[in-house]
Amino acid sequence: IFPPIRRSIMSSAPQIGDRLIASWRDGSKHKAEIVERRPSNATSSRKGSGSGGSAKAAARTTHKGSSDRVKESDGEVEEAVKEMASDFAYYVHYVGFDRRLDEWVELGRLDLTTVEELPKSKSPGGHGRTRNNKRRPSDAHSSGSSDPAILKLEKEHEELTKVKNIGCIQMGEYEVDTWYYSPYPDEYCGVDRLYVCEHCLKYMKRKDTLAKHKKDCTVTRPPGNEIYRDQNVSVFEIDGKDHPIYCQSLCLMAKLFLDHKTLYYETAPFMFYVVAEIDPAGSKVVGFFSKEKHSSEGYNLACILTFPQFQRSGYGKFIISLSYEISKREGKAGSPEKPLSDLGKLSYRSYWTLILFRLLRESPDLPIEQIQSVTAIKQEDIISTLQHKDMIKEWKGQHVIHVKKSEVEAELKRIERSRVRLCNPDCLTWPVQGGGVK
């Protein structure tokens with residue numbers, strides 16, 4: 001239990017729920033909310049040296065008189081608050097930005113003069129400030145559902161995953177900062193760096209353990225069947241039931257970069273399609289998608305990820321196009337499982353626009369049903385994409401495409417300025433299971 005002066009100073013230091021201005025890594029200033037705090041490394045070193053740290057600052061604010069009353073000057077209190085606050089590291093969420101940017105910061109990156117005043121307590125006799133320990137609903141990641149059960153699950157999910165439990169992963173030559181919480185076993189949580197074998201995906205806490213593992217590891221490629229090879233790009237189809245350990249490791253690592261992925265250990269109902277780059281040393285996992293073996297909703301993709309070190313190389317569209325090529329050979333149209341992540345939405349919107357506009361540039365009069373048959377993109381996704389581009393009208397209860405050739409050409413030029421990498425059907429050896437798309 002802290003003495004009264006120390007408690008008073010602690011309540012004036014930044015608290016969970018406070019909003020204030022914080023410095024981003026590049027030095028720019030942004031409003032941030034304190035999500036969590038923990039003792040900083042500096043605190044333990046001060047305790048170890050017996051310096052007393054903030055306790056001394058608190059003691060300097062105390063003067064004993066005959067009545068044993070406490071006198072504090074503004075300057076002494078401010079010094080005490082700063083020293084007490086520096087005992088902690090603060091986990092901050094940058095307001096208005098995705099949670100992937102949340103991070104631990106030291107006091108030096110927080111501007112204590114900008115702490116927002118929170119409402120006074122409304123309870124009888126309440127005088128001090130109240131602290132809101134929960135992130136404002138407007139900032140919470142939400143599916144937009146009004147279902148109380150779903151909202152409760154989302155609230156529980158956010159509370160459980162609000163703080164990243166692993167700082168970064170070392171995977172081959174790449175050191176990658178993580179974005180989100182992932183439910184690794186307890187003994188692997190709370191580490192600054194997790195070491196991952198780029199071939200078998202085994203994870204470990206120590207660099208020397210990885211070095212020893214690499215000497216003994218004989219794995220050079222993902223398990224399962226190779227179904228695609230185009231120069232140095234390969235795809236492996238893996239049954240989650242046959243290779244649960246590999247697929248679980250893949251899912252746990254993917255969760256570090258996906259906010260609302262819930263598939264961790266139950267991999268048996270899913271097929272996994274792992275994209276890899278091949279070199280003389282073996283294969284390097286670039287990304288993957290998973291899909292249910294039997295989807296009643298007609299989803300052709302459950303989860304998609306290109307690992308950060310390989311993003312901006314065209315692999316997002318490649319993986320999406322692969323899922324649709326497989327759908328074509330299954331003989332049915334497909335759609336990704338909803339909700340999509342923010343990056344997933346951007347990737348799909350860009351892919352759908354590219355495929356539809358290329359088709360409409362050559363055949364502007366194709367009806368929506370025929371477009372679905374050719375592309376395997378479901379009608380609702382075709383309609384939503386064209387509505388987004390203001391190229392579809394409703395006439396007598398029917399959706400009619402209104403192609404604007406100049407806008408089609410301009411949009412295709414914009415998309416094709418960046419690298420466009422799509423699945424080459426001639427390189428896909430996945431078995432054909434039917435005729436036209438239904």
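The values are calculated or read from the model by the stated rules, or taken from the named source; none is laboratory data. Quantities reported herein were computed from a predicted structural model and do not represent experimental measurements. Methodologically, a virtual Cβ is constructed for each residue, glycine included, from the backbone with ideal geometry; neighbour enumeration extends over all protein chains shown. These accessible areas exclude ligands, DNA and RNA; they are computed on the full protein's heavy atoms, side chains included. Shrake-Rupley method; radii C 1.70, N 1.55, O 1.52, S 1.80 Å.
Here are a few things to note about the model shown:
- Estimated FRET transfer efficiency when R0 is 41 angstrom, pair ASP177-SER373 (beta carbons, to 0.05): 0.40
- Per-bin percent of Cα-Cα distances, segment 324-438 [5 Å]: 2, 10, 20, 23, 21, 16, 6, 2, 0
- Stokes-Einstein, applied to the Kirkwood radius of segment 164-221 over Cα pairs at a viscosity of 0.890 mPa s and 25 °C, places its translational diffusion at 209 µm² s⁻¹.
- Spin-label pair LYS205/LEU346, simplified geometry with 7 Å Cα→Cβ offset, distance in nm: 3.6 nm
- For SER313 and LYS396, the FRET efficiency from 1/(1 + (r/R0)^6), where r spans their Cβ atoms and R0 equals 30 Å, is about 0.10.
- Ranking of ASP18, ASP111 by solvent-accessible surface, largest first: ASP111, ASP18 (1.4 Å probe, protein heavy atoms only, all chains present).
- With the convex hull drawn around the C-alpha atoms of segment 262-337, the volume per residue stands at 118 Å³.
- Bridging of LYS404 to aspartates and glutamates at a Cα separation below 13 Å is possible for GLU362, ASP365, ASP390, once same-chain residues fewer than 8 apart are set aside.
- For segment 322-374, the solvent-accessible area works out to 43 Å² per residue, with a probe of 1.4 Å and every protein chain left in place.
- With the largest listed first and rounded to whole Å, the semi-axes of the equivalent ellipsoid of segment 326-375 from the Cα gyration tensor are 21, 16, 8.
- In the context of the full set of protein chains, residues of segment 273-314 present 39 Å² of accessible surface per residue (probe radius 1.4 Å, heavy atoms only).
- Residue-span extension gain [ASN225 to SER28] - 0.36 nm each, minus C-alpha spacing: 66.1 nm
- Percent of Cα pairs exceeding the 22 Å cut-off, where the set is segment 153-254: 40 percent
- Residues of segment 201-258: accessible area per residue with a 1.4 Å probe, Å²: 52 Å²
- Segment 273-354 - percent of accessible surface contributed by carbon and sulfur, probe 1.4 Å: 49 percent
- Gyration tensor verdict on segment 381-430 (Cα atoms; rounded if a/c is under 1.5, prolate if a/b is larger than b/c, oblate otherwise): oblate
- Filter on LYS164/LYS291; LYS215/LYS293; LYS255/LYS328; LYS205/LYS284; LYS164/LYS202 - keep pairs with C-alpha separation over 32 Å: LYS215/LYS293
- Projected label points at LYS212 and ALA281, each 7 Å from Cα along the beta carbon direction, are separated by 2.1 nanometres.
- Label zone at ALA149, where the point sits 7 Å out along the Cα-to-Cβ direction: segment 225-264 residues whose backbone N lies under 20 Å: 261-263
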